[in-house]
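J.: Quick one: this structure, given as structure tokens, is what I'll be asking you about.
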Amino acid sequence: MLLASHIQITNKKVYPEALSLLPIPNLWCVLFFLMMITIGFGSILSLMECVLDAIIESFKHRFRTESSKILFRLGFITLLFLVGLPMTTRVMK
């Protein structure tokens, strides 16, 4: 019996409905969303590391000590957090 034959493919309800048809659906839902979070964090961390390393390597004369590199990374990530914050809230209607 195919799982796809029981699922009505509309909008973005395919994964939640497919997971609800599996045995122990709550466990599979938690595992699925943990997997998605892990994949998302892994992607964004590798991208940020690549960008920050490129900037630090381009300006070696400014980042001589390890503490200056850490402060730059912390400041850059804080800046991106503050820029992204209005995009995730209802501030900009």
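Values quoted throughout were computed directly from the atomic coordinates according to the rules given, and no laboratory measurement underlies them. Only a predicted model underlies this, so the values are computations on that prediction, with no experimental measurement involved. For neighbour counting, all protein chains shown are included, and Cβ atoms are generated from backbone atoms with ideal geometry for every residue, glycine included.
J.: Could you order the peptides 27-40, 75-88 from most to least packed, using the average number of other C-beta atoms within 10 Å per residue?
T.: Top to bottom by mean Cβ count within 10 Å: 27-40, 75-88.
J.: Based only on Cα atoms, what Rg/Rh ratio does the stretch 27-73 have, Rh being taken as Kirkwood's radius?
T.: Expressed as Rg/Rh, it is 1.28.
J.: Take peptides 44-51, 66-73 and line them up by average Cβ neighbours within 10 Å, highest first, as a rough protection proxy.
T.: 66-73, 44-51
J.: What is the sum of charges, Lys and Arg at +1 and Asp and Glu at -1, for the other residues whose Cβ falls under 14 Å from the Cβ of residue 73?
T.: Its environment carries a net charge of -2.
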